[in-house]
Amino acid sequence: MGTLQKSLKTRHITMISIGGVIGTGLFVGTGKNILSTGPAAVVSYAIACLLIVLIMQMVGEMASGEMVLGRKSGSSAELGSFASYAEKYIGPWAGFTVGWLYWASWVFIVGLEAALIGGMLHNWFPFIPVWVGGVGITLLMTIINIYSVKSFGEFEYWISFIKVTAIIAFLVVGTAMVLGIWPNYEPKGFGILTEFGAFAPNGIIPIFTAIVFVIFSICGAEVAAIAAAESENPAKNIVRAIKNVVFRLGLFFVGSVAIMIMILPWNDSTMLAAPYANILSMAGLPIAAQIIQIVIFVSLISVLNSALYTSSRMLLEMSRQGNAPKVFSQIKNRRGAPVPAILGSTVVAYVCSLLYFVSPEVIFYFLGNCVGGLMIVVYIFIAISQIRFRRSYDLQTTEPLAIKMWLFPGLSYITIGILVLIYFCQVLIESLRTQFYLSSIVVVGSILLFFILGKLASKKTEQIERIEEKFASE
């Protein structure tokens, strides 16, 4: 079957954990969220970031705890294996559901990013068809992932470095503008937060529904927990990745939104269509729009690369659990890359990308509307797994955990309650009802599929046993 190589270095994990949350949702989606929520969008981002931090804390606790239990029993555990935690502490049906929902979400993201990349390349170079650009970039990322995990880590390190540098530059310039120390700009002060209506002009509910979009924008922090399993020092790197989440989410997302609502009127759709570029242009940086376009393009490639890596590792794990065909559990090259799982995820991603051109308003819209809701469901399963894990851990050992969920069990239950509330809040907003119903159908369908496949497998086993008994009696 082969084993994954632990060839990622600490610097790779650190940058992957930082760059994993910086995607096109930050550069493109932030303005839309401010338009729908008003200045109160900063509250949506703060709550969403806090939820992701809590989920990462839970993942870190389970990962570090499984290492302790594995050491005591003489076995080992994979870091960041959400499906295995759900299967072990909730039940096989939960492991099946979490694994496939998480895999499907990331595979769709690969297809989505490929379509967007193809569109950007076509706009810049009209002679390149959209599908050629999307397929070409996806093929390049597939080759990088197949070559070795180290090549993935190195590539992701440098493109994440570009994204981080751009965000830091924006934060420095934006903060200087808000404080009134940037030349040729007059700050508007706190009055801008209520000058164009109110802090929450559309009420309280949009603050919660916007969290769905924000979670979709910032999902990816957990990629670092998965990658840490293939690093030179998993125990050290998982702790470092989790502890850095608080700082980077608060700085990059909440900080960016705070700057935007302090500079741009919340109802100015023109300026919020490209908030980063427009704010930098207001600062007197004329090439800001072009620079941001390049950064967005780099971000698309980065997210595609990370999504392909994450989906392949989840498919590998699902196969090893017996929830996916065994062929995907094989490591086919000497550098430890799970080639069948990478190729399997790539093929499905190509199909998703193709649907964008075949039926962008129906099938592709259906898939896109599922992803945000599915991620929330996965996080709910992770939180339930953590509660059951802690109770089991405390019964088995008194050894302290390297990462521990705060205020357990109260905060764990509160996290589940908020996630459930946010999920059902989608029903209250007309534009999100479709997403709620579609994602709910997919979740229920996944659970039913597990039991249907289980019954079919049982019948097949019974038939084989009867045949064996017949031959034995003869």
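Values computed for the structure shown
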| item | result |
| --- | --- |
| Residue in region 142-163 that is surrounded by fewer than 19 Cβ atoms within 10 Å (Cβ to Cβ) and over 20 Å from ALA227 (Cβ atoms) present | no |
| Selection count, region 332-353, where residues are outside any helix (DSSP H, G or I) and either under 20 Å from the mean Cα position of the chain (by Cα) or not charged (D, E, K, R) (or both) | 4 |
| Single unsatisfied condition, ILE159 versus (1) modelled with pLDDT of 85 or more; (2) not in a helix (DSSP H, G or I) | (2) |
| Filtered residues of region 426-448 (kept if more than 16 Å from VAL371 (Cα to Cα) and touching a residue at least 40 places away in the same chain (Cβ under 8 Å)) | LEU428, ILE429, ILE447 |
| Region 402-415 - residue that is within 19 Å of ALA86 (Cβ to Cβ) and surrounded by fewer than 18 Cβ atoms within 10 Å (Cβ to Cβ) and, of those, modelled with the highest pLDDT | TYR413 |
| Region 229-247, residues that are surrounded by fewer than 20 Cβ atoms within 10 Å (Cβ to Cβ) and closer than 17 Å to TYR45 by Cα | VAL246, PHE247 |
| Residue within region 72-79 that is assigned to a helix (DSSP H, G or I), at pLDDT 85 or above and out of contact with any His (no Cβ under 6 Å at 6 or more places or on another chain) present | no |
| Selection count, region 164-175, where residues are open to solvent by less than 10 Å² (accessible area, probe 1.4 Å) and under 20 Å from the mean Cα position of the chain (by Cα) | 1 |
| Residue that is most open to solvent (accessible area, probe 1.4 Å) [pool: residues in region 88-132 that are outside any helix (DSSP H, G or I) and not aliphatic (A, V, I, L, M)] | PHE127 |
| Residue ID - farthest from GLU399 (Cα to Cα), chosen from residues in region 13-67 that are of a type in the set (Val, Ile, Thr) and open to solvent by 10 Å² or more (accessible area, probe 1.4 Å) | VAL28 |
| Failed criterion for SER319 (all others in (1) part of a helix (DSSP H, G or I); (2) out of contact with any Phe, Trp or Tyr (no Cβ under 8 Å at 6 or more places or on another chain) hold) | (2) |
| All positions within region 199-218 that are open to solvent by less than 60 Å² (accessible area, probe 1.4 Å), farther than 17 Å from VAL257 by Cβ and in contact (Cβ under 8 Å) with a residue 40 or more places away in the chain | none |
| Subset of region 262-276 (residues that are open to solvent by less than 10 Å² (accessible area, probe 1.4 Å) and assigned to a helix (DSSP H, G or I)) | ILE263, LEU272, PRO275, TYR276 |
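The values are calculated or read from the model by the stated rules, or taken from the named source; none is laboratory data. Quick caveat, the model's predicted, so the values are computed rather than measured. Cβ coordinates were reconstructed from backbone atoms using ideal geometry, including for glycine residues, and neighbour counts include every protein chain displayed. What goes into the accessible areas is simple: the full protein's heavy atoms, side chains included, and nothing from ligands, DNA or RNA. Shrake-Rupley method; radii C 1.70, N 1.55, O 1.52, S 1.80 Å.
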